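Right, I'll just put the structure down here and ask away after.
The values are calculated or read from the model by the stated rules, or taken from the named source; none is laboratory data. Just so we're clear, the structure is a prediction, and the values are computed from it rather than from any experiment. Positions of Cβ are generated from backbone atoms using ideal geometry, with glycine treated the same way; all protein chains shown enter the neighbour counts. Side chains included, ligands, DNA and RNA excluded: accessible areas come from the protein's heavy atoms. Shrake-Rupley method; radii C 1.70, N 1.55, O 1.52, S 1.80 Å.
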Amino acid sequence: WKKAGKQAVAANDAGENGGDGDEFDVLKSKAGKAFKILLSSYTEAYEHSKEANAPDGEGILEAELIRKRGTIRSLKKVVDFKISQGENYRQLFLFATLIFLYSMSVHRARDTQVSYSVETSLLNLMNQPFKDKDHLETVDVYDFLSHIASTTFRDPVCGDGVCDSPLEYPGFGSVGCSADCGVRKNTSSMFFMAADSNVPVGQKAEDQPLYQMAARVGASPDYRWNVYLDTTRDFLYEEDQAVVSEQFTDFQVPDDNVTVCLFQRNKMYGKAATPSSMAILLNLDPETVPPVPTIENFIYGTFTEAIGWNAWVKGNFYSTAALPNTTQRSPALDQGLSYGVGYTVGQNNPGEAIKFLGQYTECKIDVSSVNAAARDGVCPHNNLVWSMEQKCYDSSKWAQEWFVECPTCRTFEIREFSKPGDPPQVIKPLEAPNRPVTPGNTLIGSVLVSQLRKRSVPCHPEPADCDEECEKHLKSLGPLYQGQYCQSEEFEDAPFGIDPMFLTTSPLFDGRIFTYTFFYNQNELNNESNLPYGFFSSPYEFEVQDDFPYKDEDSGVPYYRAYLDGRMTAEQAHLGIEFLKEGKFITNTTSVINVEFGTFNAQHKHFAWSKAAFEFGTGGLIEASMAVDSFSMSDLQADTWEVVLFCLICMLCLNMLVAECTEMWQLLKQGKFWSYFTDVWNLLDIVTIVFVPASLINMFFNGTILSSALDLASKGDVPRVLDNIQAVARIFNTNKDEEIAFLDMRHKILVLIMGNENARRWLGLNMLLLMSRFFKVSNDTTNPPTIQQTLNPATPCLQ
């Protein structure tokens with residue numbers, strides 16, 4: 001025991017006097033050697049006392065040895081604990097440094113102030129229409145779209161002194177904005193002058209007896225004219241101009257294919273009079289009289305209107321006039337079958353002689369052609385009005401000649417400043433205008449409106465599918481089931497609705513559309529109404545790309561999509577919303593409607609994707625949810641400080657890994673390797689070491705991919721979804737390639753936003769792991785005395 005005490009004191013003195021290396025490591029080594037000698041001496045003394053078979057009087061000595069053994073072991077535990085506390089202080093400092101550096105990386109990973117500003121402004125915009133709404137109705141969805149369109153699609157005011165391209169450009173006539181952008185150069189002067197054979201020179205049509213008769217029988221034709229330009233894909237005049245006989249009207253046009261069209265706003269055939277009554281007034285064979293057109297329009301020069309004018313208007317006029325007794329048939333036939341007005345189109349450029357491009361008379365079938373269609377014998381109606389005539393006329397023979405002689409439109413190639421056949425210059429700028437959704441956040445491409453519909457099935461079950469309980473309910477509730485349809489679980493993909501441009505009862509009806517065949521195929525018509533459907537599903541199959549191996553969840557899903565293209569004017573955007581409303585876009589089988597749009601803030605290079613989802617419950621409740629996700633380009637690109645922080649974090653994690661590996665090696669030498677994994681805190685350490693640098697690597701990797709995926713948007717080369725933003729029918733018809741490109745861009749943004757969110761969640765989880773481990777380490781570390789303070793009181797006891 002004396003030997004052990006002296007060696008302990010020597011170890012203590014050596015610690016006080018210092019030595020080579022770190023003081024803490026020297027003391028730790030000396031203390032370990034001292035306790036090893038003490039325990040070894042105790043073991044030898046104890047074994048010696050047992051071998052000596054000491055008498056009963058020496059039991060006191062054995063008890064003393066046992067007491068000293070307990071003292072030594074307790075003292076060793078205290079010293080080991082104090083030594084570990086010293087090591088913990090060092091680890092605690094390094095761990096706190098890791099937390100601090102990681103917190104700085106998390107803070108630099110996202111500009112929270114800008115993100116909050118962008119997302120809050122967009123959320124406030126979307127929530128604004130519903131602030132005072134307790135219950136949503138169908139009209140609220142349309143009102144929401146109108147609210148977004150009113151905020152986003154704002155056109156510049158012509159005449160404010162600022163030329164806002166591309167919506168404003170050098171003008172001519174009513175096209176463009178001459179007040180702000182100046183007058184377009186290189187334009188030609190054209191003129192239109194009508195000539196009505198029924199109106200003498202210097203008089204008005206309303207003063208003529210024939211037109212007065214037309215007004216009395218409800219058949220005033222109301223002729224109009226307008227000019228269509230190929231380059232603008234629109235009419236020159238916003239409103240069709242009234243046809244006034246002998247009125248000279250000039251207008252400016254650029255080099256273009258100029259089409260002059262006549263329209264008839266008021267149709268009489270099948271309205272003011274039936275085909276059978278008109279057959280009687282002209283002695284026509286009723287079997288040859290054309291049927292009433294199924295689609296109404298303002299087309300000028302149709303054969304049916306020619307029959308109506310000559311039979312109904314002229315027939316009534318001549319039947320009430322004093323005619324010679326020798327009159328056998330309608331004087332309208334004696335004069336030939338005439339209809340409409342003649343007109344002249346030409347050029348009248350200053351300093352040049354007038355150039356006539358075309359002079360056209362009224363549409364007419366001469367007397368010889370009229371007589372050639374006559375058949376001997378009276379008509380089935382016995383020639384009630386013109387009974388003296390013993391002939392009946394086959395009007396189908398006139399129809400063949402009529403379509404050739406009376407076109408609705410005529411096109412003229414104007415090339416005063418270019419060569420014939422050369423493509424004309426672009427009049428309207430092709431680029432899309434900046435459309436701020438909220439201040440500083442401009443629209444990317446288009447506003448997407450998509451709908452999912454459920455198949456409708458009869459609520460009344462089929463008898464074969466009805467069990468006894470079902471039959472019981474049918475007997476009591478059968479009348480309530482009748483005619484009722486319920487939603488199934490399957491998605492609908494069949495076309496629905498109607499194109500309101502062809503619906504005469506709709507305010508969107510445009511009678512200038514000659515026929516639906518320019519816009520729809522026969523299989524795209526409703527068999528019952530013979531009118532075109534308004535909306536079609538687009539279950540596109542999106543291929544997985546090699547450079548972006550993420551499947552689009554919308555692939556193959558039959559969404560009904562409509563777009564408010566950013567190139568639209570405010571009027572066109574609101575027209576699109578009215579199209580949805582008048583075309584019955586929302587029905588009883590509507591399941592979900594999503595309104596989505598992306599924005600870009602050039603000031604902060606900040607992207608955002610906003611989505612308003614309207615879920616239509618089968619119980620009648622419409623629930624709306626708004627969401628905005630955003631990210632900045634600077635968030636996706638690691639700067640110098642982030643790289644430095646990442647390197648320091650990796651070094652600290654490497655230090656932790658070395659410590660953990662050392663601990664596992666010590667346990668392996670003791671044969672307790674697997675016990676390391678039974679400690680939850682050890683597992684937490686391993687997870688932290690792996691997750692912390694991995695989360696930063698994942699964030700940098702996602703940023704690189706996202707930057708590449710948004711290459712189109714950042715360059716401004718945004719897909720132009722709609723085929724023609726000025727279409728007069730089927731206005732949501734898309735360019736499929738451009739639409740696919742837009743949906744692909746949307747898919748990339750959404751996928752990588754989700755990846756960015758997951759990365760941020762990972763960062764947050766890591767912060768929780770770090771903080772929990774920090775509290776554990778700090779809880780294990782108290783304010784310990786030094787090793788000298790621990791050994792000094794133990795020296796007398798050991799001695």
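Exactly one of these conditions fails for PHE579: (1) over 28 Å from SER115 (Cβ atoms); (2) of a type outside the set (D, E, K, R); (3) surrounded by fewer than 23 Cβ atoms within 10 Å (Cβ to Cβ). Give me its number.
(3)
From ALA306, ALA273, which residue is closer than 30 Å to PHE509 by Cβ, touching a helix residue (DSSP H, G or I) at 6+ places or on another chain (Cβ under 9 Å), at pLDDT below 85 and surrounded by 14 or more Cβ atoms within 10 Å (Cβ to Cβ)?
Exactly one residue qualifies, and that residue is ALA273.
Report yes if LEU668 is more than 29 Å from SER115 (Cβ to Cβ), under 36 Å from the mean Cα position of the chain (by Cα), at pLDDT 80 or above and open to solvent by 70 Å² or more (accessible area, probe 1.4 Å), otherwise no.
It is false that LEU668 is more than 29 Å from SER115 (Cβ to Cβ), under 36 Å from the mean Cα position of the chain (by Cα), at pLDDT 80 or above and open to solvent by 70 Å² or more (accessible area, probe 1.4 Å).
Of everything in the range 437-456, what is open to solvent by 60 Å² or more (accessible area, probe 1.4 Å) and either within 30 Å of ASP255 (Cβ to Cβ) or part of a strand (DSSP E or B) (or both)? Give them in sequence order.
Answer for the range 437-456, where residues must be open to solvent by 60 Å² or more (accessible area, probe 1.4 Å) and either within 30 Å of ASP255 (Cβ to Cβ) or part of a strand (DSSP E or B) (or both): just ARG455.
Oh, and also: Answer yes or no as to whether ALA149 is touching a Cys at 6+ places or on another chain (Cβ under 8 Å), among the hydrophobic types (A, V, I, L, M, F, W, C) and not in a loop (DSSP other than H, G, I, E, B). Talk me through it step by step, then tell me what you get.
Working: touching a Cys at 6+ places or on another chain (Cβ under 8 Å): no; among the hydrophobic types (A, V, I, L, M, F, W, C): yes; not in a loop (DSSP other than H, G, I, E, B): yes.
Answer is no for this residue.
Return yes or no: is ILE697 in contact with a strand residue (DSSP E or B) (Cβ under 7 Å, 6 or more places away or on another chain), at pLDDT 70 or above and either crowded, with 20+ Cβ neighbours inside 10 Å or assigned to a helix (DSSP H, G or I) (or both)? Even if it seems obvious, please write down each step before you answer.
On the way: in contact with a strand residue (DSSP E or B) (Cβ under 7 Å, 6 or more places away or on another chain): no; at pLDDT 70 or above: yes; either crowded, with 20+ Cβ neighbours inside 10 Å or assigned to a helix (DSSP H, G or I) (or both): yes.
When the stated conditions are applied, ILE697 does not pass them.
Confirm whether VAL260 is on the phi < 0 side of the Ramachandran plot, β-branched (Val, Ile, Thr), at pLDDT 90 or above and out of contact with any Lys or Arg (no Cβ under 7 Å at 6 or more places or on another chain).
The answer is no for VAL260.
Out of curiosity, is GLU615 more than 30 Å from GLN113 (Cβ to Cβ), out of contact with any Phe, Trp or Tyr (no Cβ under 9 Å at 6 or more places or on another chain), open to solvent by 10 Å² or more (accessible area, probe 1.4 Å) and not in a loop (DSSP other than H, G, I, E, B)?
yes
Just to be sure I understand, how many residues within the range 653-694 are of a type in the set (Asp, Glu), under 18 Å from LEU769 (Cα atoms) and part of a helix (DSSP H, G or I)? Reasoning before the result, please.
Taking the range 653-694 and keeping what is of a type in the set (Asp, Glu), we get 660, 663, 679, 685.
Cutting the leftovers down to under 18 Å from LEU769 (Cα atoms) gives us 660, 679, 685.
Next, from what is left, pick out any that are part of a helix (DSSP H, G or I): 660, 685.
Of the residues in the range 653-694, 2 are of a type in the set (Asp, Glu), under 18 Å from LEU769 (Cα atoms) and part of a helix (DSSP H, G or I).
Among residues belonging to the range 157-206 that are over 24 Å from VAL341 (Cβ atoms) and of a type in the set (Val, Ile, Thr), point out the one that is surrounded by the most Cβ atoms within 10 Å (Cβ to Cβ).
Taking the range 157-206 as the starting set, the residues that turn out to be over 24 Å from VAL341 (Cβ atoms) are 157-172, 175-188.
Next, from what is left, pick out any that are of a type in the set (Val, Ile, Thr): 157, 162, 175, 183, 187.
Details: VAL157: 13, VAL162: 13, VAL175: 25, VAL183: 13, THR187: 22.
This residue is VAL175.
So the check is Cβ under 7 Å with 6+ separation or different chains; which pairs have a first residue in the range 728-755 that's assigned to a helix (DSSP H, G or I) and a second one that's open to solvent by 30 Å² or more (accessible area, probe 1.4 Å) and basic (Lys, Arg)?
GLU738/ARG720
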